[in-house]
Amino acid sequence: EMSRIPAEVRAAFSARQVQGLDTARVSIGYLTAEQREELTTAQIQGLGTFYDLRYLPASRVAEVTTSLIAAIPSSYEMGRIPQANRAAFTAEQLQAINTTKVSIGYLTSEQREQLTTAQIQGLATSYEIRYVPATRIGEVTTALIAKLPSSYELSRIPDDVRAASTTEQ
């Protein structure tokens with residue numbers, strides 16, 4: 001129903017009207033950037049779908065629930081979230097990312113340091129090894145390293161990461 005309201009009418013919503021929206025049922029994508037800044041914390045915590053993460057101001061990302069971050073179903077969907085928003089994820093939010101479905105390549109190097117051991121051990125593909133910080137390479141399973149399909153893929157892993165690998169790896 002929100003999409004049926006003309007854009008110029010939606011753009012004229014007051015802060016009070018914006019704060020009356022049920023964000024569990026209405027996408028914030030229909031609001032202007034200024035109106036999204038007017039959302040309450042409760043509205044942000046009540047976002048109904050991970051799709052709305054792409055519309056949220058980066059300054060408000062820290063207010064998103066970890067369950068919404070955990071709902072990001074794929075690398076494709078993570079890639080649709082603006083880089084500034086992904087860079088604003090808190091440590092708690094980062095640790096909610098399902099690394100069996102979502103590439104850690106979309107995270108900053110500092111954020112990759114904050115992942116849990118379980119997330120590193122749960123990396124979906126051997127292609128992800130190139131994004132693991134050298135300080136964390138010891139946490140990558142030998143089974144994942146064994147899945148490297150070619151010398152080319154091994155060469156794409158940074159030198160410092162390969163040098164930090166354990167003997168078993």
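The values are calculated or read from the model by the stated rules, or taken from the named source; none is laboratory data. Since the model is a prediction, treat every value here as computed from it, not as a measurement. Virtual Cβ from ideal backbone geometry, glycine too; neighbours counted across all protein chains shown. Heavy atoms of the whole protein, side chains included, go into the accessibility calculation; ligands, DNA and RNA do not. Shrake-Rupley method; radii C 1.70, N 1.55, O 1.52, S 1.80 Å.
A compact table of results
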| item | result |
| --- | --- |
| Separation between Cα centres of region 98-169 and region 1-33, rounded to whole Å | 42 Å |
| Summed residue charge, Cβ within 10 Å of residue 153's Cβ, Lys/Arg positive, Asp/Glu negative | +3 |
| Accessible area per residue in Å² at 1.4 Å probe, computed on the chain | 52 Å² |
| Evaluated over the chain, the Cα radius of gyration and Dmax, each in Å | 19.4, 64 |
| Whole-number percent relative contact order across the chain, with pairs defined as alpha carbons under 8 Å at least 6 apart | 14 percent |
| Simple spin-label estimate for residue 116 and residue 134 in nanometres, 7 Å along Cα-Cβ | 2.8 nm |
| With every protein chain in place, region 73-153: carbon and sulfur % of accessible area (1.4 Å) | 51 percent |
| In nm, spacing of pseudo-spin labels at residue 16 and residue 163 (7 Å Cα→C-beta vector) | 6.4 nm |
| Extension gain, residue 71 back to residue 38 (0.36 nm per residue minus Cα-Cα distance, nm) | 9.4 nm |
| Calculated [θ] (222 nm, deg cm²/dmol) that DSSP helices of n ≥ 4 give over the chain, each run adding -39,500 (n - 2.57) | -7000 deg cm²/dmol |
